[in-house]
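Undergrad: So that we are looking at the same thing, I have put the structure below in structure tokens.
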Amino acid sequence: DLLILPFIADDEILAKLGGGVCPLLETLDIEGSWAVTNQGLSGLAGQHGGMVIGRAGWKPTHFAQCSEGQKLLGNILKGSPVTASQISSLMSQQQTKQGMLKSLKQINIKGTSTDSKGLECLVQNFRSLTTLEAEEQTWQNFLIHSECKDCHPSELPLQSLNIKQNTFTLLPQIHRLFPNVEKLHFSNYTRSEAYLDGRDNMTLLANFKAFRELNLCEVDMNNILPHMNGSLGQ
């Protein structure tokens, strides 16, 4: 149930894992494996994760969950005997057949040649992840561009994100995608951040279902203390 391949994993190995070699795998650590790319993470999610439609490279996983994607795909397939709903159904069936998509709970992709697109592939396909470690910049880019509300599962059990910078600004995205996060880290948070767009995102901390730990580094405590009362304080 545990596989650690630091510095030696590559796309071929991940493709074999995605093909069902270890259907009950719960923990995978490939930190430092530069030979692992986004394509490797798609392979880990099964063959469908690497499929694309047309030159634009649209992924069926997107169309299987996104209403806007379904409309676009319907237009692309107009006149074809294959319908958008059939492709969506096929993708759903494929996901239920992949045991590891449900069993994998922890994965570390730090130090690999992946980016936010690879991270998005993991978030979309592996529905039981509680721990997903990636480079902070990868997380930042993923959250900034995660605008489609239909493209990600609504109740991911992810418990923590290794993000320290811009946490305040990204709180709306974090809360929307990962409502079960238990701990967060704030660095260099200042009062001015709360008023750049007229909103104080700190109030969202009370809405996380299982929030229990807040790590602070170089922050103005006068801005934090008011939120320690009420449900967050409890």
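Undergrad: Within region 132-172, count every residue that is under 21 Å from Glu213 (Cβ atoms) and not aromatic (Phe, Trp, Tyr). Before you say what the answer is, go through the steps one by one.
TA: Initial filter on region 132-172 (under 21 Å from Glu213 (Cβ atoms)): 132-134, 136, 139-140, 143, 155-172.
Keeping just the survivors that are not aromatic (Phe, Trp, Tyr) gives 132-134, 136, 140, 143, 155-167, 169-172.
Number satisfying all stated conditions: 23.
Undergrad: Then there's this: Scan region 130-146 and tell me whether some residue there is in contact with a strand residue (DSSP E or B) (Cβ under 8 Å, 6 or more places away or on another chain) and over 22 Å from Asp11 (Cα atoms).
TA: yes
Undergrad: Given the conditions (1) assigned to a loop (DSSP other than H, G, I, E, B); (2) touching a residue at least 60 places away in the same chain (Cβ under 8 Å); (3) under 11 Å from the mean Cα position of the chain (by Cα), and given that Cys121 satisfies all but one, which numbered condition is not satisfied?
TA: If we test Cys121 against (1) assigned to a loop (DSSP other than H, G, I, E, B); (2) touching a residue at least 60 places away in the same chain (Cβ under 8 Å); (3) under 11 Å from the mean Cα position of the chain (by Cα), just (1) comes out false.
Undergrad: Looking at Leu2, Leu17, which one is open to solvent by less than 50 Å² (accessible area, probe 1.4 Å), modelled with pLDDT of 70 or more, more than 26 Å from Leu143 (Cβ to Cβ) and not basic (Lys, Arg)? Before the answer, list the steps.
TA: Numbers: Leu2 fails: open to solvent by less than 50 Å² (accessible area, probe 1.4 Å).
On inspection, the qualifying residue turns out to be Leu17.
Undergrad: Restricting to region 37-51, name every residue that is over 12 Å from Ile109 (Cα atoms), open to solvent by less than 80 Å² (accessible area, probe 1.4 Å) and in a loop (DSSP other than H, G, I, E, B).
TA: Ala45, Gly46
Undergrad: Can I ask one more? Does Asn188 fit the bill of being farther than 24 Å from Met100 by Cβ, touching a residue at least 24 places away in the same chain (Cβ under 8 Å) and surrounded by fewer than 17 Cβ atoms within 10 Å (Cβ to Cβ)?
TA: So Asn188 passes the test.
Undergrad: I'm checking my understanding of the structure. Among residues of region 124-140 that are open to solvent by less than 10 Å² (accessible area, probe 1.4 Å) and not in a helix (DSSP H, G or I), which one is modelled with the lowest pLDDT?
TA: Phe126
Undergrad: On to the next question. So which residues in region 124-141 are among the β-branched types (Val, Ile, Thr) and within 9 Å of the chain's Cα centre (by Cα)?
TA: Taking region 124-141 first, the residues among the β-branched types (Val, Ile, Thr) are 130-131, 138.
Answer for region 124-141, where residues must be among the β-branched types (Val, Ile, Thr) and within 9 Å of the chain's Cα centre (by Cα): there is none.
Undergrad: Just checking, which of His152, His175, His145 is touching a residue at least 12 places away in the same chain (Cβ under 8 Å), touching a helix residue (DSSP H, G or I) at 6+ places or on another chain (Cβ under 7 Å) and open to solvent by 70 Å² or more (accessible area, probe 1.4 Å)?
TA: The unique qualifying residue is His145.
Undergrad: Are any residues in region 20-36 modelled with pLDDT of 95 or more, of a type in the set (Val, Ile, Thr) and more than 16 Å from Lys105 (Cα to Cα), and if so, which ones?
TA: Matches in region 20-36: Val36 only.
The values are calculated or read from the model by the stated rules, or taken from the named source; none is laboratory data. All values derive from a computational prediction rather than experimental measurement. Glycine also receives a Cβ, built like all others from the backbone with ideal geometry; neighbour counts cover every protein chain displayed. Side chains included, ligands, DNA and RNA excluded: accessible areas come from the protein's heavy atoms. Shrake-Rupley method; radii C 1.70, N 1.55, O 1.52, S 1.80 Å.
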